[in-house]
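Please read the structure below before turning to the comments.
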């Protein structure tokens with residue numbers, strides 16, 4: 001499979017609509033079978049079907065580019081992996097890696113899979129016994145609301161609180177901030193944009209669960225104030241000219257997507273409790289020379305893109321063991337891949353391009369396999385001998401494409 005051009009990759013990363021592709025929907029015959037079942041049985045059958053599908057975003061180059069990243073969808077049906085959906089009735093399920101927000105009157109629940117590859121099931125019912133709710137079925141961690149009756153809330157339940165704002169929320173003025181007082185959960189995208197004259201987010205300290213947090217062209221200097229947040233699907237910071245520090249996420253334990261782009265003053269990123277992600281994008285932040293808080297990140301089940309950051313090496317991600325696509329390009333200060341010694345598997349493509357100071361990739365020598373395409377080009381100091389020395393012992397499924405590298409020295 002040919003590797004996607006960078007522009008296509010960048011455009012598609014967070015542009016996934018919540019909705020199962022047509023070829024994954026049940027046939028009419030299957031729908032008639034489901035119609036004969038009662039509510040909870042229907043839920044379980046649909047969840048099992050979804051659990052058998054893989055996370056499409058990690059492996060498929062064909063991704064819908066029609067919507068912006070971090071968006072949320074409303075509906076009671078199944079949703080694709082890695083996205084968020086408001087589920088307003090029992091009997092709905094979330095595919096692997098996704099988050100389902102169940103809204104049941106005054107007792108909202110938030111439940112979903114803790115990682116790609118397992119299915120989260122949210123069903124809210126008033127009552128116990130056989131007709132009660134089942135929350136977090138099949139999920140590694142269910143995130144539960146303040147009250148879920150008649151069932152368990154998953155193996156690692158998190159209380160999101162009972163003050164809920166449904167759907168998309170925009171905070172752009174002081175009046176918006178005042179109206180947000182006491183809110184603990186946002187079921188859609190929380191936008192923080194240019195009109196907000198605040199240097200931090202201390203006035204949003206009641207928040208615990210956010211489907212997607214998108215901060216764009218704001219006056220923020222720091223994200224301090226969000227220390228109570230435990231669950232976020234997508235964390236997106238773009239074009240915040242004054243933002244110096246992404247910090248204060250001391251309680252955050254569930255996060256799927258990270259996208260940082262064009263934050264010219266950013267010098268510090270701290271997300272200390274994150275062990276797995278679906279996708280990480282660091283784009284156009286050349287002043288970002290170091291990054292703390294990812295010391296425990298072992299798995300990126302989708303894609304890692306480092307494009308235009310100021311790292312000299314990759315020690316900021318030294319715990320990483322597995323990734324699907326790895327793209328490292330146009331990083332003006334990158335000298336080596338030191339820090340990637342624990343990386344054992346690249347399940348998809350490897351692309352290393354236009355890193356002018358890069359002179360070795362020795363840390364990739366411990367890889368067990370590279371399954372996809374390998375493109376290494378236009379790295380002026382990375383000689384063909386250095387590339388061969390590293391990759392000769394690595395099992396791979398394709399032939400490396402190498403261009404623009406100096407020949408071996410005599």
*Given a Förster radius of 30 Å and the C-beta distance between residue 321 and residue 399 as r, what FRET efficiency does 1/(1 + (r/R0)^6) yield to the nearest 0.05?*
0.75
*Return, ordered by residue number, the residues of the range 189-228 whose backbone nitrogen is under 14 Å from a label point located 7 Å along Cα→Cβ of residue 181.*
203-206
*Expected-Rg normalisation [2.2 N^0.38 Å, Cα atoms] applied to the range 164-403*: 1.09
*Under a point spin-label approximation (7 Å from Cα along Cα-to-Cβ), what is the residue 267-residue 287 distance to one decimal in nm?*
0.8
_Extension gain, residue 216 back to residue 203 (0.36 nm per residue minus Cα-Cα distance, nm)_ = 2.9 nm
*By its C-alpha gyration tensor, with a ≥ b ≥ c as the square roots of the eigenvalues, how is the range 163-256 shaped: rounded for a/c under 1.5, else prolate for a/b larger than b/c, else oblate?*
rounded
*Based on the alpha carbon coordinates of the range 298-383, what radius of gyration and maximum Cα-Cα distance (Dmax) apply, in Å?*
11.6, 31
_For peptides 268-274, 327-333, sequence by mean Cβ density within 10 Å, most packed first_ = 327-333, 268-274
*Which FRET efficiency value, to the nearest 0.05, is calculated for residue 227 and residue 378 with the Förster distance at 51 angstrom and r the Cβ-Cβ distance?*
0.75
*Would you mind ranking 176, 212, 373 so that the residue whose beta carbon has the fewest other beta carbons within 10 Å leads the list?*
176, 373, 212
*asked:* Please rank 278, 361, fewest neighbouring Cβ atoms within 10 Å first, as an exposure proxy.
replied: 361, 278
*asked:* Can you order the peptides 392-398, 233-239 by their average number of other Cβ atoms within 10 Å per residue, highest first?
replied: 233-239, 392-398
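Laboratory data are not the source of any read-out in this text; all were calculated from the coordinates shown. Keep in mind that this is a model prediction, so the values were computed, not measured. Reconstructed Cβ throughout: ideal geometry from the backbone, glycine too, with neighbour counts over all protein chains shown.
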